[in-house]
Amino acid sequence: MTAQAALKAALRDIVGPAARTAGFKGSGSTWRLTNSQGDWAVVNVQSSSSSTSRSVRCVINLAVAPVPWLDWMRESLGSLPKSINESLGLYRARLHPNGTPAGRDWWWEISNERDARAAAADMVVQLADHG
């Protein structure tokens, strides 16, 4: 199993169900939550462009896009996608592996199924504690 396949399976089996339990919808590496006013929250697992079949580095990107911000963005850009993505958030942050020192941009590193499952379990903890 490639590192990418291991990460994909761990996100499907571990992170996705936790996100859906919290009310988010989505699959793959992105989950979204919207409220009755039209505000959005987005959770996205980003893989590094330098990832290979043997090694994947990833991090969680978070975003919140309130309606007034989206209205302003729509006016500025002319239109918005049907599903808001993380890059459109007014508030954006990253979650890192447990133990990452403050101010550092450490990423989860995955090379096999065991790494992927451990990383996904830590992602769920980081989302619950800091997301």
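The values are calculated or read from the model by the stated rules, or taken from the named source; none is laboratory data. None of the values given here were measured: they were computed from a predicted structure. With ideal geometry, Cβ positions are generated from the backbone for all residues, glycine too; neighbour counts draw on all protein chains shown. What goes into the accessible areas is simple: the full protein's heavy atoms, side chains included, and nothing from ligands, DNA or RNA. Shrake-Rupley method; radii C 1.70, N 1.55, O 1.52, S 1.80 Å.
Can you find a residue in region 67-88 that is in contact (Cβ under 8 Å) with a residue 24 or more places away in the chain, touching a Gly at 6+ places or on another chain (Cβ under 8 Å) and at negative phi? Spell out the reasoning first.
Here is the first cut: in region 67-88, the residues in contact (Cβ under 8 Å) with a residue 24 or more places away in the chain are 67, 70, 83-88.
Still in the list and also touching a Gly at 6+ places or on another chain (Cβ under 8 Å): 67, 70.
Filter once more, so that each one left must be at negative phi: 67, 70.
Yes, there is a match, as at least one residue in region 67-88 is in contact (Cβ under 8 Å) with a residue 24 or more places away in the chain, touching a Gly at 6+ places or on another chain (Cβ under 8 Å) and at negative phi.
Using beta carbons and a limit of 8 Å, which pairs, at least six apart or on different chains, have the first residue in region 99-114 and without any contact (Cβ under 8 Å) to a residue 40 or more places away in the chain and the second one in a loop (DSSP other than H, G, I, E, B) and open to solvent by 50 Å² or more (accessible area, probe 1.4 Å)?
From region 99-114, the pairs are Thr100/Trp106.
How many of the residues making up region 1-28 are in contact (Cβ under 8 Å) with a residue 24 or more places away in the chain and within 24 Å of Asp105 (Cβ to Cβ)?
Qualifying residue count for the region: 10.
Looking only at strands (runs of 3 or more DSSP E) that fall completely inside region 15-131, which ones have 3 or more residues that are open to solvent by less than 40 Å² (accessible area, probe 1.4 Å), at pLDDT 95 or above and closer than 28 Å to Ala3 by Cβ? If you could, list the steps in order and put the result at the bottom.
On the way: elements: 25-27, 30-34, 40-47, 56-65, 91-95, 108-110.
Passing ranges, in order: 40-47, 56-65.
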